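Encoded as structure tokens, the structure appears first; notes follow it.
Just so you know, all these numbers are worked out from the coordinates, no wet-lab data involved. All figures in this text were calculated on a predicted structure; none of them were measured in a lab. Cβ sites come from the backbone with ideal geometry, for glycine too, and all protein chains shown count toward neighbours.
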Amino acid sequence: MRLTSECRQHYNQHEMRTHGRKNGFVTKGQEAKLTQWLPKIGMTNETTLAQTGLDLTQPIVLEVGFGNGDFLAHLAQTHLDWQMIGIEIYLPGVAKAVSKIDEVGVIERCRISQLPAQFVLNHLIPDQSLDGIFINHPDPWPKKKHFKRRIIQKDFAQLLTSRLKMGGFIKLASDIEELAIWMRDILDQTAGLQNLGTENGFIPRDEDRPHTKFETRGLNAGRRSYFLHYQKIANTPNSELLSTEAQ
Ligand SMILES: C[S@@+](CC[C@H](N)C(=O)[O-])C[C@H]1O[C@@H](n2cnc3c(N)ncnc32)[C@H](O)[C@@H]1O
């Protein structure tokens, strides 16, 4: 079924476009989990990190664009000391993810935002507060006239870096070679980050990494994936985006 219009009206928090996606299918159970859990673990446009109820003395790791939430659930299941913040603008994906993290018993350590990552990082997450950030297979926006919609841009890279604690990491993946190079070139030039890659700036695939939906989709289409790993090695000035349209 599609998410009911009542549910969309109540929970959809933005008008941002996502690449090639419409209102996809969910099960009745997934919609029920969404309405059960979002009031408890969902972040509104006013919920700052300090107001999430997470323990700020323990690691906090962010996944941007978690899709159906399988990777987010895996991270929470395999890192018992991590508290996860997942950001995903696609509401049916949020419904699937909430169901999944509930099913595998990690929901108490997760917080979910359905707002664009640029807004969340800019307004709700303070400087030097995250231990790590994952961005897997961000939207490619392959047409040149749409490059500005790609999430990795110079100012967004500075914003990500500013929100990391010293020593924190950013890990990215893409099955689109051109986009992987785009991300590497921008992050390589971002002050405060060190590229830990060994093969033209890329790292080998982490063995314990599950395949995300889009990694699998790439493999089925005959494409390998590329992986990037950065570490924050210096503090940078507090960074601010002027608008979420900047992507
Ligand atoms: C190509 S999908 C990849 C999904 C998943 N990470 C995977 O590897 O299968 C990119 C995801 O990023 C989400 N997304 C795009 N722009 C975003 C933004 N500004 N903030 C949060 N999520 C975003 C999209 O809705 C989509 O689910």
Residue 148/residue 16 FRET efficiency (R0 22 Å; Cβ-Cβ; nearest 0.05): 0.95
Listed residues 216, 236, 198, most fluctuating in the chain (Gaussian network, C-alpha, under 10 Å): 198
Among 219, 172, 228: highest mean-square fluctuation, GNM of the chain, C-alpha pairs under 10 Å: 219
Under the Karplus curve 6.51 cos²θ - 1.76 cosθ + 1.60, θ = phi - 60°, whole-Hz ³J(HN,Hα) for the stretch 32-37, x wherever Gly or Pro sits: 5, 5, 4, 6, 6, 9
Local electrostatic count at residue 76 - Lys and Arg +1, Asp and Glu -1, tallied over other residues with Cβ under 13 Å: -3
Cα centre as origin, Lys/Arg/Asp/Glu Cβ charges: the stretch 168-242 dipole, Debye: 180
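Averaging sequence separations of C-alpha pairs under 8 Å and six or more residues apart, then dividing by the length of the stretch 1-106, give the relative contact order as a whole percent.
Details: 118 pairs, mean separation 34.2, N = 106.
This gives 32 percent for the stretch 1-106.
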J(HN,Hα) series, the stretch 81-92, from Karplus relation 6.51 cos²θ - 1.76 cosθ + 1.60, nearest Hz, glycine and proline x: 8, 8, 10, 10, 10, x, 10, 7, 7, 8, 4, x
Calculated [θ] (222 nm, deg cm²/dmol) that DSSP helices of n ≥ 4 give over the chain, each run adding -39,500 (n - 2.57): -9000 deg cm²/dmol
The chain - percent relative contact order, Cα under 8 Å, separation 6 or more: 19
Extension gain, residue 216 back to residue 57 (0.36 nm per residue minus Cα-Cα distance, nm): 53.7 nm
Charge dipole (debye, nearest 20) of the stretch 44-160; +1 at Cβ of Lys and Arg, -1 at Cβ of Asp and Glu: 860
188, 131 arranged by Cβ crowding within 10 Å, fewest neighbours leading: 188, 131
Charge dipole (debye, nearest 20) of the stretch 21-66; +1 at Cβ of Lys and Arg, -1 at Cβ of Asp and Glu: 320
